[in-house]
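The values are calculated or read from the model by the stated rules, or taken from the named source; none is laboratory data. All figures in this text were calculated on a predicted structure; none of them were measured in a lab. Every residue, glycine as well, gets a Cβ built from its backbone with ideal geometry; the counts of neighbours run over all protein chains shown.
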């Protein structure tokens, strides 16, 4: 940790690595003035189902311009993606130790409709904060922050679902924990925070703390 501030992109049921930053840094800033980046954790999360890693993606409305700011990205409700996501989560985690404990608190994110992706992600994040019993110091950018040396440790592109685009994060280690389909696929690291809370429950925060290295 070079700085005391971390710069992150918005994220849909963010991966475990993302949440490790939320508890590691005294101050978190979420970038909202960037040009929206497709095929990223901004509108996607990965869970582990019976057939392996299952990506859940939120469809976004087509913009009139080629480029649109993240804060202006609208969710498309042309398809019933929420129902599909809900069924996918149920199939993946209904036999997990803490599924029944948390699922009712999450149901509204798959029944109610939000217009904007950023707003939706923020509401999800608040719910997860409550589950983890954490209170990160969150801010949002007032303008786009350029890449390069600044006051932040910048994780906007380091935390990415595609291995070819992600960068090495020496401050995060993906320790193993028991997963529902672990016997079938072995341990799959850095899935959505959903995987962690459904499998570890109240011990999730301890896991996140243990994933932070000081290298």
Residue by residue through the range 170-194, note down the ones that are in a helix (DSSP H, G or I), more than 19 Å from residue 98 (Cα to Cα) and out of contact with any strand residue (DSSP E or B) (no Cβ under 8 Å at 6 or more places or on another chain).
184
Only one of these conditions is not met by residue 100: (1) loosely packed, with under 13 Cβ neighbours inside 10 Å; (2) out of contact with any helix residue (DSSP H, G or I) (no Cβ under 9 Å at 6 or more places or on another chain); (3) assigned to a loop (DSSP other than H, G, I, E, B). Which number is it?
(3)
Yes/no for residue 209 being under 13 Å from residue 19 (Cβ atoms), at pLDDT 95 or above and outside any strand (DSSP E or B):
yes
If we keep just the residues of the range 31-45 that are closer than 26 Å to residue 107 by Cβ and in contact with a helix residue (DSSP H, G or I) (Cβ under 8 Å, 6 or more places away or on another chain), which is surrounded by the most Cβ atoms within 10 Å (Cβ to Cβ)?
45
Kindly indicate whether residue 167 is touching a strand residue (DSSP E or B) at 6+ places or on another chain (Cβ under 9 Å) and assigned to a loop (DSSP other than H, G, I, E, B).
no
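Tell me the residue from 131, 124, 197, 159 that is crowded, with 17+ Cβ neighbours inside 10 Å and not in a helix (DSSP H, G or I), please. Working first, answer last.
Numbers: 131 fails: not in a helix (DSSP H, G or I); 124 fails: not in a helix (DSSP H, G or I); 197 fails: not in a helix (DSSP H, G or I).
Only one candidate qualifies: 159.
Picking from 87, 21, 2, which residue would you name as being outside any loop (DSSP other than H, G, I, E, B) and touching a residue at least 24 places away in the same chain (Cβ under 8 Å)? Walk me through how you get there before you give the answer.
Details: 87 fails: touching a residue at least 24 places away in the same chain (Cβ under 8 Å); 2 fails: outside any loop (DSSP other than H, G, I, E, B).
Answer to the check: 21.
Would you confirm, using the coordinates I've provided, whether residue 62 is in contact with a strand residue (DSSP E or B) (Cβ under 8 Å, 6 or more places away or on another chain), over 13 Å from residue 120 (Cβ atoms), exposed (fewer than 12 other Cβ atoms within 10 Å of the Cβ) and free of Cβ contacts under 8 Å to residues at least 40 places away in the same chain? Explain how you work it out, then say what you get.
Values: in contact with a strand residue (DSSP E or B) (Cβ under 8 Å, 6 or more places away or on another chain): no; over 13 Å from residue 120 (Cβ atoms): yes; exposed (fewer than 12 other Cβ atoms within 10 Å of the Cβ): yes; free of Cβ contacts under 8 Å to residues at least 40 places away in the same chain: yes.
Considered against the rule, which asks whether it is in contact with a strand residue (DSSP E or B) (Cβ under 8 Å, 6 or more places away or on another chain), over 13 Å from residue 120 (Cβ atoms), exposed (fewer than 12 other Cβ atoms within 10 Å of the Cβ) and free of Cβ contacts under 8 Å to residues at least 40 places away in the same chain, residue 62 comes out as no.
Looking at residue 67, is it exposed (fewer than 14 other Cβ atoms within 10 Å of the Cβ), at pLDDT below 95, in contact with a strand residue (DSSP E or B) (Cβ under 6 Å, 6 or more places away or on another chain) and not in a strand (DSSP E or B)?
Numbers: exposed (fewer than 14 other Cβ atoms within 10 Å of the Cβ): yes; at pLDDT below 95: yes; in contact with a strand residue (DSSP E or B) (Cβ under 6 Å, 6 or more places away or on another chain): yes; not in a strand (DSSP E or B): yes.
Yes.
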Residue hits (the range 130-149; touching a strand residue (DSSP E or B) at 6+ places or on another chain (Cβ under 9 Å), without any contact (Cβ under 8 Å) to a residue 40 or more places away in the chain and on the phi < 0 side of the Ramachandran plot) are 147
